[in-house]
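Derivation of every value follows stated rules applied to the coordinates shown; laboratory data play no part. No experiment lies behind these values; they were computed from the predicted model shown. No Cβ is skipped: glycine too gets one built from the backbone with ideal geometry, and neighbour counts run over all protein chains shown.
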Amino acid sequence: MASKVTMPKLSDTMQEGVIVKWLKKEGDKVQSGDVIAEIETDKANLEMEAYASGILKKILKKEGESAPVGELIAIIAEPHEDISSLLPGGEGQKEAGKAESPTPRRGAGEIEKPAEVVETRQEKRTQVKEAEEFEEPEKIKEGEREKKRHLEVMKGGRADEMEAAKKPEVGSAEELTEMEEEPEHVKASPMARRMAKNLGLDLSQIKGSGPLGRVIKRDIEMFMERAEKIPSYEPERPPRWVPGKIEVTPEVPVAPAPAEFEEKELTMMRKTIARRMAESKGPVPHFYITSEIDMGKAMEFRKLVNELEEDLKISFNDLIIKAVAKALMKYPQLNASFAGDKIRVYKGIHIGVAVALEDGLITPVIRNCEVKSLGQIAREAKDLAEKARSKKLKPEEYTGSTFTISNLGMYDVENFAAIINPPEGAILAVGSIQEKPVVVEGQIRVGHRMKVTLSCDHRVTDGATAAKFLQELKKILENPMTLAV
């Protein structure tokens, strides 16, 4: 019987995967348990096993393509088995599609109403009515006035009537003022003058078609219509002089050219980081406290241990992991998470250590740090970091942390605030050890200081508890011999 191969969920945070490589090709014989493909998850590249035996009949996702968890990516079946109904768009799915969207039936003799036609006619009537209602009043009035004047002239009106027609229309005081500003030989209606002014036109350049060559609104519109048909024609605004005032034409700002960019597809890891950090920073109410630690004795302690242990090199991060574990033993409220209506306090101290990769961050987990020696922590941290960089971590090696440390000291970062890795209740951001002048017993000396910032979920703990934890961490690192116990 044919068996569907779907994109497996290989980690608790995985939502989709990428086919890195098919280890079997179509037509190959497959046994249940055989590794048939390599899948890139949000954390690592993992092997995918077959859960059925037969022939790999069809591969639906090529290498390099992604698929959400649960999507069909291949089919395993018997050599001569028909799998057409299982393929996307197969007969089986077509039938299902038909069943989901049945065609509505009509009764005998029922005539479908021409709803669209009725609506269209109604719309047209409405549009015509609206056009009539909203026709420009000035346009109507102007047309009526010009028509009336033409009729009077055509009837051979009297000299006084002709003279009256030559006179400009009596308008408002503003219109009269506008008329006075134009050259006297140009005859135009108030409407034409107003339009010419708004458009920056010189009336003397426009031929009037009104009585006795008067420029009317129609002449302005025809002038503008001809101007629009001429490529790159731009009406020139006549210069206007105002006594005591110099008119300056403002410069039109030129929009800057858009910045060049290159778009890159999100990796599985970057997608997960984007989603989980948004899930953390948004709903989790963070607060931050910072402390400065004297690392002088810790530096001497580390040097001494590394001289005694030829096969083991202790890093500052190893010292911090062990110190954090000891501080959490005293303040377990920070080794906890918010669980709806409860606070979950963990018995084991599982510390995640952020490791920067080319395409994102991953946090391998060192479990039960409270019972491990400094040497054990150092060896395990080194091993996990190497696996992380080669994408060989197993899901159980990067999940289940209860507290996280993010150290950017190697990048010469003095201090920063990290975002909590949910569902944890806190994360410690570690800066670089800096040489600086310090005051000791009234004397200025050269000291080595390191700043640490604790980000806390305020639903889990409060500022005073977080401060006590940092105080304990500072005490341990400034007296590092306790780490050897």
For the stretch 276-381, state which trypsin sites (Lys or Arg not before Pro) are in a DSSP loop and have at most 11 other beta carbons lying within 10 Å of their beta carbon. Lys347
Linear extension gain, Tyr51 paired with Ile343, 0.36 nm per residue minus alpha-carbon span: 101.2 nm
Highest mean first, how do 48-55, 200-207 rank when packing is the count of other Cβ atoms within 10 Å averaged over residues? 48-55, 200-207
If you filter the stretch 403-485 for trypsin sites (Lys or Arg not before Pro), then keep DSSP loop positions with at most 16 other Cβ within 10 Å, what is left? Arg459
What do you get for trypsin sites (Lys or Arg not before Pro) in the stretch 1-49 restricted to DSSP loop and a cutoff of at most 11 other Cβ within 10 Å of the site's Cβ? Lys25
